[in-house]
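Worksheet for the structure shown next.
FYI, it's all coordinate maths here, none of it is from the lab. The shown structure was predicted, so the numbers you read here are calculated from the model rather than taken from an experiment. Counting neighbours? That spans all protein chains shown, and the Cβs are built from the backbone with ideal geometry, glycine included.
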Amino acid sequence: MTDESIQARPAFSLTTDLVKNARVLANRLEILPLLPKNIAFVEIGVALGDFTDEVLKKCDLASFIAIDRFDWDKYPDMWRGRAGQVLNGRSHVDYYKERFKSQINNNILKMLVGNSADVLLTLPDKSVDVFYVDANHHYPAVKAELSIIQHKIKDHGIIVFNDYLLGDGTPMKIGVVPAVNEFMLENRWEMIYFALHPRMFCDVAIRKLQAEI
């Protein structure tokens, strides 16, 4: 296979002005208490809802939107078989609905099912405070999401990216670093948090340079 989505792609170097305010954190969960209050939060790629649960516990939320294909019931071997074990015959949609039943019933959490780029287009412009991007990590997919997110996020909004790395030890190549770096350089966004991971599956948080808003 040689299509662009799985080829290694070089990343552009960031400039000093885009990283000088970055703060290194021990892990991605430390980002959550630092986020603004009363926020509209969108998680793109929710998997089994483990990170969703952390966001709901640690953030002051006005609303939470979960975007996913919700099709892990088709791939029980995902995460070394954990998907099949956790779902245990249930559909992905039903599992997530049951896990966050109270938040859904209280109109805090809303599920949007489908391809991330298609679903993102349905959101109102400048309506989201924080995006957490953790869906398809290939370069074209991240680029496509960012091309839409930049219109849906508020002026002082924050985008957090999971797995800011170039590869994961498999033949697949991950394009998060080049996609994010290009976006930052082209649109003048700065990195504010770099959250470490024991195996360097790091998270980064970015926002538009405040002096240029």
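Tabulated data
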item: Cα gyration tensor, region 1-111 - rounded (a/c under 1.5), prolate or oblate; result: oblate
item: Beta bridges per DSSP with both ends in the chain, % antiparallel, nearest 5; result: 30
item: Partners for K57 among aspartates and glutamates (Cα-Cα distance below 16 Å; same-chain residues under 8 apart left out); result: E30, E43
item: Cα-derived Rg to Rh of region 104-149, Kirkwood definition; result: 0.98
item: Within straight-line cross-link reach of K208, lysines at Cα separation under 20 Å, skipping those fewer than 8 residues along the same chain; result: K20, K37, K126, K143, K152, K154
item: Positive minus negative residues near R99 (Lys, Arg vs Asp, Glu; Cβ under 12 Å); result: -1
item: Anisotropy class of region 104-213 from Cα gyration tensor, a/c 1.5 cut; result: oblate
item: Dimensionless Rg over Rh [region 4-212; C-alpha; Kirkwood]; result: 0.95
item: Residue order, fewest to most surrounding Cβ atoms within 10 angstrom, among D118, D203; result: D118, D203
item: Ordering of 193-200, 139-146 by burial proxy (mean other Cβ atoms within 10 Å per residue, highest first); result: 139-146, 193-200
